[in-house]
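The values are calculated or read from the model by the stated rules, or taken from the named source; none is laboratory data. Fair warning: this is a prediction, and the values are worked out from it, not measured in the lab. No Cβ is skipped: glycine too gets one built from the backbone with ideal geometry, and neighbour counts run over all protein chains shown.
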Amino acid sequence: MINLKPNVRSFFKQIFTVKKIRLLFTFLATVVSIPLLIVAVQSQQPTTVKVLIQALEAKQLEPIVNDFNREKPNINLEIVEAPNDTNQVEDLYTSAFLLGESPYDLVYMDIVWTPKFAAAGWLKDLSDRVSQEELDQFLDGDVNGGKYKGELYRMPFRSDGGMLYYRTDWLEKAGYEPPETFSELIEISQTLQDQNYTEWGYVWQGKQYEGLSAMFVEILEGFDAFWVDPETLEVGLDQPNAIEAVNFLKSTMEKGVSPPGVTTYSEEPTRRLFQNGETAFLRNWPYVYGLASESDIAGDFAIKPMPHAPQGTSGACQGGWGMGIAKSTNHPEAAWEVVKYFSKAETQKKYALKTGYVPSRRKLFNDPELVEKYSYLPELLNVIENAVLRPPIAQYSQASDILQRYLSAAISGTMTPEEAMKAAAKETRTLLKRSR
Ligand code: GLC
């Protein structure tokens, strides 16, 4: 027999010198510790949550976002900027969710998106996270605007309601009280234009987009007309009062009170005209108050509820924005921290004081500091609590598209108001029947 033992021993001796064993241990230790280190480093890194927000507001929200990130060092809230028109932001969210792999953990939502986004299954149900007692602190319209089939998908952040802005200095000099009716609005405008106070009398949002529908529900209310009754799904667009409402809008341009370009304006261009002293009256949301207060017309303007026709009442469209959580997020708890932070009274107050946006918590409308800066807030509470809703139906965005298309055709003169409203009503009825 051959004795292999001495050979084996020398073989192992050659391979496992002390130096090599040390090297091997170092190598193994490194291999094991790298992933552990990565995990350790990662767990110290804040969780990033992203939300898409229209550019103007993304800037205004910066201080709030910075505060949040400072107070919650384990979360990094990141805002991605979107265009200013609500439809464009909605389209960006919609395509992100349709394509899957949405980069957004949170959804900063216009009140009218809730039924569509919730029905599509893009949002987490927040109902179990908020008590009724907590919800009671917010305006009813804002809470209801965040619900779909009884469940809550959006926590209110800021409320909104359409109002009439007017130049107090010019009205005073010309000896007028602010207008209560549409005819007074036209009459005062024409006088101020004739007396060379201003180039234009009244400016509103006539572009074919969501803002057109929002503005129009106020005119409809002013003429005691309606769009869609959410209970019965009856469509009122082709009724005589609704056609009269379109005629009124058209007449503002025909009488030279509104510029012909009004059919292409969204909120921002109309705000600029008002701030530049080119119009006496403006229909817009309360956000204009804060910005105009820092412009040349500071101290020379005020806001009041919209005028109306003899048969109708002042209409303020219920607008507003809130936060939802994307169903697809991997960080629902971090996202919820953001939602909670935005809905806190302290955050809302701070944001309102800085920007003039309207809070969604009822109590803040009578907060002494806020009222000192925005004296109209207590009255606005009453206006918003009686605001007109755009129909809260799952097919809202299609219904609004139909209205925008035909209303735009009517005010820009490619169809008569009667033809346009009849066609809009017919198409809306077909849409509602199809989805019943
Ligand atoms: C405002 C309102 C919103 C509305 C939009 C229309 O942002 O808050 O509800 O849809 O204007 O442009």
**OP:** Kindly indicate whether Trp321 is out of contact with any Cys (no Cβ under 6 Å at 6 or more places or on another chain), within 18 Å of Leu212 (Cβ to Cβ), within 16 Å of the ligand (Cβ to nearest atom) and in contact (Cβ under 8 Å) with a residue 24 or more places away in the chain.
**Re:** no
Original post:
Yes or no: Glu337 in the same structural domain as Ser213 (by TED's automatic domain parsing) and either touching a residue at least 24 places away in the same chain (Cβ under 8 Å) or part of a loop (DSSP other than H, G, I, E, B) (or both)?
Top reply: no
Subject >> Failed item, numbered, when Thr347 is tested on (1) in contact with a strand residue (DSSP E or B) (Cβ under 7 Å, 6 or more places away or on another chain); (2) more than 16 Å from the ligand (Cβ to nearest atom) >> reply: (1)
**OP:** Taking Asp160 as the residue in question, decide whether it is closer than 22 Å to Lys350 by Cα and part of a helix (DSSP H, G or I).
**Re:** no
Original post:
Do we find that Tyr108 is surrounded by 20 or more Cβ atoms within 10 Å (Cβ to Cβ), within 15 Å of the ligand (Cβ to nearest atom) and at negative phi in this structure?
Top reply: yes
**OP:** Name every residue in the stretch 304-317 that is within 22 Å of the chain's Cα centre (by Cα) and either of a type in the set (Ser, Thr, Tyr) or within 15 Å of the ligand (Cβ to nearest atom) (or both), in order of residue number.
**Re:** Met306, Gly315, Ala316, Cys317
Subject >> Total residues in the stretch 51-62, condition over 20 Å from Lys350 (Cβ atoms) and crowded, with 19+ Cβ neighbours inside 10 Å >> reply: 1
**OP:** Filter the stretch 84-105 down to the residues that are among the aliphatic types (A, V, I, L, M) and surrounded by fewer than 22 Cβ atoms within 10 Å (Cβ to Cβ), then identify the one that is farthest from the ligand (Cβ to nearest atom).
**Re:** Leu99
Original post:
Do any strands (runs of 3 or more DSSP E) entirely within the stretch 45-117 hold 2 or more residues that are more than 13 Å from the chain's Cα centre (by Cα) and charged (D, E, K, R), and if so, which?
Top reply: 75-82
Original post:
Just wondering, is there one or more residues in the stretch 360-369 that are under 22 Å from the mean Cα position of the chain (by Cα) and within 16 Å of the ligand (Cβ to nearest atom)?
Top reply: yes
Original post:
For the stretch 343-420, which fully contained helices (runs of 4 or more DSSP H) count at least 3 residues that are assigned by TED's automatic domain parsing to the domain that holds Thr252 and surrounded by fewer than 22 Cβ atoms within 10 Å (Cβ to Cβ)?
Top reply: 396-411
Original post:
Mind checking which pairs have a first residue in the stretch 249-270 that is touching a residue at least 24 places away in the same chain (Cβ under 8 Å) and closer than 15 Å to Leu192 by Cα and a second that is in a helix (DSSP H, G or I) and among the basic types (Lys, Arg), Cβ under 7 Å, 6 or more apart or different chains?
Top reply: none
